[in-house]
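In what follows, a single structure is set out as structure tokens and then discussed.
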Amino acid sequence: MGERHALLKKQLLHTHQDNSTGVLTVEAPLPKEGKFIVFESYLRELLTNCFICGQSVGNLNLFVMRTLVVVEEVCEGLHKLQWRSQPHLRGSGAEASNFLLAAGMLYSSCVVAATIRCVKSTCAQIITECAFYNYQRAYFLPVVRQVHSLINI
């Protein structure tokens, strides 16, 4: 379990090393980085032209998995692009927002079912109640237990 938590911590701190220079860069931690609710029509408008050549995108596919949006497109110049709305946290099976939403609900003492109903009522994407309890059992409660045991030493 320690390796899995170390991997998640590294990803949440969002560090990467430039292969050409060997310089390690630490970016804004994912919990502190800004997040936005984006309307689908505006996302489609933003992605109507190819980022490489500027030509029109003829085939734009959106795939939604809880809070993750994956866009796959092919422009008239035949450039293929895949864009993801958030990073995937290796070792957790979770997208960053799924994990952060679950942590936020737990640590702020929100009523999970009511919070999920509220977000769903706006047609925004959110994790399921089952996913929340899975994250709680697998990640958050072990961390709370670990901190509690350190305090009581």
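Among the residues of region 83-108, those that are in contact (Cβ under 8 Å) with a residue 60 or more places away in the chain, of a type outside the set (Lys, Arg) and in a loop (DSSP other than H, G, I, E, B) comprise 87, 91, 92.
One line per residue, one yes/no per condition, for (1) at pLDDT 90 or above; (2) in the same structural domain as residue 134 (by TED's automatic domain parsing); (3) under 20 Å from residue 38 (Cβ atoms):
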| site | (1), (2), (3) |
| --- | --- |
| 53 | yes, no, no |
| 56 | yes, no, no |
| 64 | yes, no, yes |
| 67 | yes, no, yes |
| 72 | yes, no, yes |
| 96 | no, yes, yes |
| 102 | yes, yes, no |
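Here the condition is being touching a residue at least 40 places away in the same chain (Cβ under 8 Å) and of a type in the set (Val, Ile, Thr); of 70, 64, it holds for 64 alone. The single condition among (1) part of a helix (DSSP H, G or I); (2) of a type in the set (A, V, I, L, M, F, W, C); (3) without any contact (Cβ under 8 Å) to a residue 60 or more places away in the chain; (4) within 19 Å of residue 35 (Cβ to Cβ) that residue 131 does not satisfy is (3).
Conditions (1) of a type outside the set (Gly, Ala, Ser); (2) part of a helix (DSSP H, G or I); (3) farther than 24 Å from residue 133 by Cβ, marked per residue:
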site	(1), (2), (3)
31	yes, no, no
41	no, yes, yes
44	yes, yes, yes
51	yes, no, yes
77	no, no, yes
81	yes, no, yes
110	yes, no, no
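The residue that is surrounded by the fewest Cβ atoms within 10 Å (Cβ to Cβ), among those in region 124-153 that are of a type outside the set (Ser, Thr, Tyr) and closer than 13 Å to residue 67 by Cβ, is 124. Of all residues in region 47-68, those being over 21 Å from residue 98 (Cβ atoms) and either surrounded by 13 or more Cβ atoms within 10 Å (Cβ to Cβ) or over 20 Å from the mean Cα position of the chain (by Cα) (or both) number 14. Does region 85-99 include one or more residues that are farther than 23 Å from residue 141 by Cα, crowded, with 18+ Cβ neighbours inside 10 Å, in contact with a strand residue (DSSP E or B) (Cβ under 9 Å, 6 or more places away or on another chain) and among the hydrophobic types (A, V, I, L, M, F, W, C)? For region 85-99, residues farther than 23 Å from residue 141 by Cα, crowded, with 18+ Cβ neighbours inside 10 Å, in contact with a strand residue (DSSP E or B) (Cβ under 9 Å, 6 or more places away or on another chain) and among the hydrophobic types (A, V, I, L, M, F, W, C): absent.
The values are calculated or read from the model by the stated rules, or taken from the named source; none is laboratory data. Quick caveat: nothing in here was measured; it's all calculated off a predicted structure. For neighbour counting, all protein chains shown are included, and Cβ atoms are generated from backbone atoms with ideal geometry for every residue, glycine included.
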